[in-house]
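The values are calculated or read from the model by the stated rules, or taken from the named source; none is laboratory data. Nothing here was measured: the structure is a model prediction, and the numbers come from that model. We place every Cβ from the backbone using ideal geometry, glycine too, and count neighbours over all the protein chains shown. Just the protein is used for accessible areas: all its heavy atoms, side chains included, with ligands, DNA and RNA removed. Shrake-Rupley method; radii C 1.70, N 1.55, O 1.52, S 1.80 Å.
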Amino acid sequence: MLDWNNISTVLLDMDGTLLDLHFDNYFWQHHVPLRYAEKNQLHIDDARNILVPKFKSAEGTMDWYCVDYWSGQLDLDIAQLKAEVDHLIAVHPHVVEFLDATKAAGKHVALVTNAHQKSLMLKMDRTALTHHFDDIICAHDFGLPKEEPVFWSNLNKKLHFEKEQTLLVDDTLSVLRSAQQYGIKHLLAVLNPDSQSPQRDTEEFQAIQDFRDITP
């Protein structure tokens, strides 16, 4: 699937790629509606009916990924609510072995996430993955999500990678298309971002079942 001789930089998404998306899906689909219903004395189904359109309207924007934005919108402490269910944060199988092998092969390995700094800190604290990366990049520092092609231009000013020798693994197809538009050559999707959900169609992109598929 990959010719590692032609790859010098590895860019890795966090949620759904390295980490099981089950945590995030459970959090937004179940835990937030539950706490919102409790706070506003609503049935949980009524809470979901209020929340889902709010979530849909923000998808793909910086607001969607922003803990502080949703805390303000919903009058809930989103960071605290995430900590309530942090036992669900899990690293996908074979990720650590992949990270170790990739660094041992001399590649520059960067975590590149849309997640808010507070979510990033919580997840790195719970998973102890921080030391496996040469760089950790949070899209909030740029003020742009990865869905915007100019994000990759800004990222390159920081990391100085060669597009032709860069691999991006991401579970979000719109992000992969954005990176493709910028010119990143090696692009892979993820078949099972959420371990509790079935495999999905990754459309025009090749995809991995898990990181054993591409470990150097």
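Take residue 118 and tell me if it is open to solvent by less than 60 Å² (accessible area, probe 1.4 Å) and either touching a helix residue (DSSP H, G or I) at 6+ places or on another chain (Cβ under 8 Å) or in contact (Cβ under 8 Å) with a residue 40 or more places away in the chain (or both). So residue 118 does not fit the description; no.
Of all residues in the range 102-115, exactly one satisfies the criterion of being of a type in the set (Ser, Thr, Tyr) and either surrounded by fewer than 18 Cβ atoms within 10 Å (Cβ to Cβ) or in a helix (DSSP H, G or I) (or both), namely 102. Residues that are open to solvent by less than 40 Å² (accessible area, probe 1.4 Å), part of a helix (DSSP H, G or I) and either touching a Leu at 6+ places or on another chain (Cβ under 8 Å) or in contact (Cβ under 8 Å) with a residue 40 or more places away in the chain (or both) do occur in the range 129-138, at least one of them.
Just one of the numbered conditions (1) open to solvent by 30 Å² or more (accessible area, probe 1.4 Å); (2) of a type in the set (Gly, Ala, Ser); (3) in contact (Cβ under 8 Å) with a residue 12 or more places away in the chain is not true of residue 47: (1). Only one entry in 38, 84, 97 is acidic (Asp, Glu) and without any contact (Cβ under 8 Å) to a residue 40 or more places away in the chain, namely 38. Taken over the range 14-34, the criterion of being assigned to a loop (DSSP other than H, G, I, E, B) and either open to solvent by 10 Å² or more (accessible area, probe 1.4 Å) or among the polar types (S, T, N, Q) (or both) is satisfied by 17, 20, 21. Is it the case that some residue within the range 24-40 is at pLDDT 95 or above and within 14 Å of the chain's Cα centre (by Cα)? The answer is yes, given that some residue of the range 24-40 is at pLDDT 95 or above and within 14 Å of the chain's Cα centre (by Cα). Filtering the range 174-196 to residues that are open to solvent by 10 Å² or more (accessible area, probe 1.4 Å), hydroxyl-bearing (Ser, Thr, Tyr) and either in a loop (DSSP other than H, G, I, E, B) or in contact with a helix residue (DSSP H, G or I) (Cβ under 6 Å, 6 or more places away or on another chain) (or both) leaves 182, 195.
Does residue 214 count as farther than 21 Å from residue 67 by Cα, in contact (Cβ under 8 Å) with a residue 40 or more places away in the chain, open to solvent by less than 20 Å² (accessible area, probe 1.4 Å) and touching a helix residue (DSSP H, G or I) at 6+ places or on another chain (Cβ under 6 Å)? Quick ask: steps written out before the conclusion?
Details: farther than 21 Å from residue 67 by Cα: yes; in contact (Cβ under 8 Å) with a residue 40 or more places away in the chain: yes; open to solvent by less than 20 Å² (accessible area, probe 1.4 Å): yes; touching a helix residue (DSSP H, G or I) at 6+ places or on another chain (Cβ under 6 Å): no.
Considered against the rule, which asks whether it is farther than 21 Å from residue 67 by Cα, in contact (Cβ under 8 Å) with a residue 40 or more places away in the chain, open to solvent by less than 20 Å² (accessible area, probe 1.4 Å) and touching a helix residue (DSSP H, G or I) at 6+ places or on another chain (Cβ under 6 Å), residue 214 comes out as no.
Residue 171 satisfies every condition listed in (1) among the acidic types (Asp, Glu); (2) surrounded by 20 or more Cβ atoms within 10 Å (Cβ to Cβ); (3) assigned to a helix (DSSP H, G or I) except (3).
Could you list, in sequence order, the residues of the range 139-163 that are open to solvent by less than 30 Å² (accessible area, probe 1.4 Å), closer than 15 Å to residue 60 by Cα and not hydrophobic (A, V, I, L, M, F, W, C)? Break it down into steps so the answer makes sense when it comes.
Of the range 139-163, the ones open to solvent by less than 30 Å² (accessible area, probe 1.4 Å) are 139, 145-146, 151-152, 155-156, 159, 161.
Keeping just the survivors that are closer than 15 Å to residue 60 by Cα gives 139, 145-146, 151.
Scanning the range 139-163 gives 145, 146.
Just so you know, in the range 64-73 the residues that are assigned to a helix (DSSP H, G or I) and of a type outside the set (S, T, N, Q) include one that is surrounded by the fewest Cβ atoms within 10 Å (Cβ to Cβ), and it is 72. Checked against (1) outside any helix (DSSP H, G or I); (2) under 30 Å from residue 104 (Cβ atoms), residue 76 passes all but a single condition, namely (2).
Return the residues of the range 201-211 that are out of contact with any helix residue (DSSP H, G or I) (no Cβ under 7 Å at 6 or more places or on another chain) and either outside any loop (DSSP other than H, G, I, E, B) or modelled with pLDDT under 95 (or both); say none if nothing qualifies.
First, pick out the residues of the range 201-211 that are out of contact with any helix residue (DSSP H, G or I) (no Cβ under 7 Å at 6 or more places or on another chain): 201, 204, 206-210.
Matches in the range 201-211: 207, 208.
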